[in-house]
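Data block below; observations after.
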Amino acid sequence: MRPQVYISDLSKHVGKSVTLKGWLYHRRSSGKVKFLILRDGTGYLQCVVFKGNVSTEVFENAEKLTQESSFEITGAVKLEPRAVGGYELDAVDVKIISISSEYPITPKEHGIEFLIDHRHLWVRSKKQVAVLKIRHRIVKAIRDFFDMRGFVLFDPPIITPNACEGTSTLFEFDYFDLGKAYLTQSGQLYAEAGALALGKVYTFGPTFRAEKSKTRRHLTEFWMVEPEMAFYDLDDNMDLAEEFLEYIVQTVLTEMRPELEILERDVTKLENIKRPFPRISYDEAVQILLESGIDFEWGNDLGGGDETIISDKFDRPVMVHRYPSQVKAFYMKRDPKNDKLALAVDVLAPEGYGEIIGGSQREDDLDKLLHRIKEHNLPQESFEWYLDLRRYGSVPHSGFGLGLERTVSWICGIEHLREAIPFPRMIYRNTP
RNA sequence: UCCGCGUUAGCUCAAUGGUAGAGCAUGCGGCUGUUAACCGCAGGGCUGUAGGUUCGAGUCCUACACGCGGAGCCA
């Protein structure tokens, strides 16, 4: 077999004869000349098959190729501004690997139901490939960011014996003789144990929510990254969060331009994402809502529409801090200046993409935490290990969680979370 | 759980209560520079399911199923 060259490496092979392998993305024919668009996962290449330049057999092979058939093609690479990608292959040989049956996803438009039913094939489409490559780059940026700052990856369990925060609905199942177990909704409590062992840690993995929620901002299975830092207060936490977001966005802007162009993303919106981000208190957020004519009662959580109104006031992510403690989880530390407030922060993405980060300083006082657990009617025995973290060398500590798919959606400018993960899991769909 | 909208060819959509149509895809033919190519021909339908109104229902009514969007909830 001749060595395979990838489309992304073609600049090194201009003027030379190479062999590429891939699938037929599209074909146009004009009698004695055929234009085959090859895709190989790294890009797209127009291959020209002239009847006069190849044997009858090769020309017939090119004729037989249907959309998504796999094949091998050999020819000389040349610069060609008229072709997609800027290069073109003057084919001398075409070998069929496998002829594709009638491919369901045609070049014309499709409805979302059809596409999601064919997700296993939809991921071959140009925009989906671009989104998934950006997702990959974001994941790498996340790991690089924390690794460069001395964080240690600390993997929490996915099977947990009880509800982490006592709020969300969880997926429940039988766990041998030990009774009910649950799929994790957050690795955060375990991350706190990690932070007290290793100083700075992060978790990164799938999490599960069983809420019967059906909106474009929801998945039942999604990925979350959760840093947790010993000796960080709320301000340190917010400093890290904004540095983190800036790094992710600027990395994608620098390294993923071609993909952002395929997605027709307005990059000027992303170029704004530079520190410092605006920081407003919950009280100030409520003021914005009241001034916008929203009938909002102090003490309620912000809804999706409220978040959009607030984020529309800014051209970069806005950090809303110090929420009423009644709408936040039991483990969040109270504001020493106002016991009704929790030292929490939510980061709202611009352009209506909503909450991408939720975080807080954690309650580090044993007695207060015990009190909170009773207040929330949580089973204390399940949290004894967590309370131990306050019994043995408790320190101020903070952390936050970033929803990966919401971040991918925002950066890619896509409408629905289901396009930000290869195989989305939603309330009425667990296939393919 | 609640509130809207939808379901017609493989796909995307048309069709005043009166013979079910187009584009794409597929097949055959034509074209030596195409960019979702183009031109000609052909095949392709229990109009989501079950009732009802009517001389006559894709169209009007009722129920159900499925889907999409939103609310609540959440990252």
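Every number here is computed from the coordinates shown, using simple stated rules; none is lab data. Because the structure is a prediction, the values reported are computed rather than measured. When we count neighbours, we look across all protein chains shown, and the Cβ atoms used for this are built from the backbone with ideal geometry, even at glycine.
Descriptive notes on the structure:
- Think of it as helices only: each DSSP H run of n ≥ 4 in chain A is worth -39500 (n - 2.57), and spread over all residues that comes to -9000 deg cm²/dmol at 222 nm.
- When only alpha carbons are used to place a centre, region A:98-140 and region A:229-250 end up 34 Å from one another.
- Potential lengthening of the chain between A:Lys274 and A:His371 amounts to 30.9 nm, from the contour at 0.36 nm per residue minus the alpha-carbon distance.
- Rounded to the nearest whole Hz, the Karplus-based 3J(HN,Hα) values (6.51 cos²θ - 1.76 cosθ + 1.60, θ = phi - 60°) of region A:314-321 follow the sequence 10, 9, 8, x, 10, 9, 9, 10, with x at glycine and proline.
- The order of the peptides A:114-123, A:321-330 by mean Cβ neighbours within 10 Å, most packed first, is A:321-330, A:114-123.
- Projecting the Cα atoms of A:Gly305, A:Val395, A:Met256 onto the dipole axis of chain A, where Lys and Arg carry +1 and Asp and Glu carry -1 at the beta carbon, places A:Met256 farthest toward the positive end.
- Using a Förster distance of 30 Å, the FRET efficiency for A:Lys126-A:Glu60 (Cβ separation, nearest 0.05): 0.60
- Comparing A:Leu370, A:Leu178, A:Leu343 in a Gaussian network model of chain A where C-alpha atoms under 10 Å apart are linked, the largest mean-square fluctuation is found at A:Leu178.
- Candidates A:Glu221, A:Glu415, A:Glu242: whichever shows maximal mean-square fluctuation once chain A is modelled as a Gaussian network with Cα springs under 10 Å: A:Glu415
- Residues in region A:208-251 that a label on A:Tyr175 would reach, taking backbone N under 17 Å of a point 7 Å out along Cα→Cβ: A:208-210
- Chain A: DSSP helices with Cα axial extent of at least 27 Å and average Kyte-Doolittle hydropathy no lower than -1.0: A:126-148, A:234-255
- Spatial extent of chain A: Rg and Dmax, with the Cα atoms as the point set, Å: 26.2, 86
- If you run the Gaussian network model on chain A, springs between alpha carbon atoms under 10 Å, then out of A:Lys214, A:Lys78, A:Lys12 the most flexible one is A:Lys12.
- Burial ordering of A:Trp385, A:Trp410, fewest other beta-carbon atoms within 10 Å first: A:Trp385, A:Trp410
- The residues A:Ser398, A:Ser409, A:Ser213, when put in order of fewest to most other Cβ atoms within 10 Å, stand as A:Ser213, A:Ser409, A:Ser398.
- Rounded to the nearest whole Hz, the Karplus-based 3J(HN,Hα) values (6.51 cos²θ - 1.76 cosθ + 1.60, θ = phi - 60°) of region A:95-103 follow the sequence 10, 7, 9, 7, 7, 7, 5, 3, 7, with x at glycine and proline.
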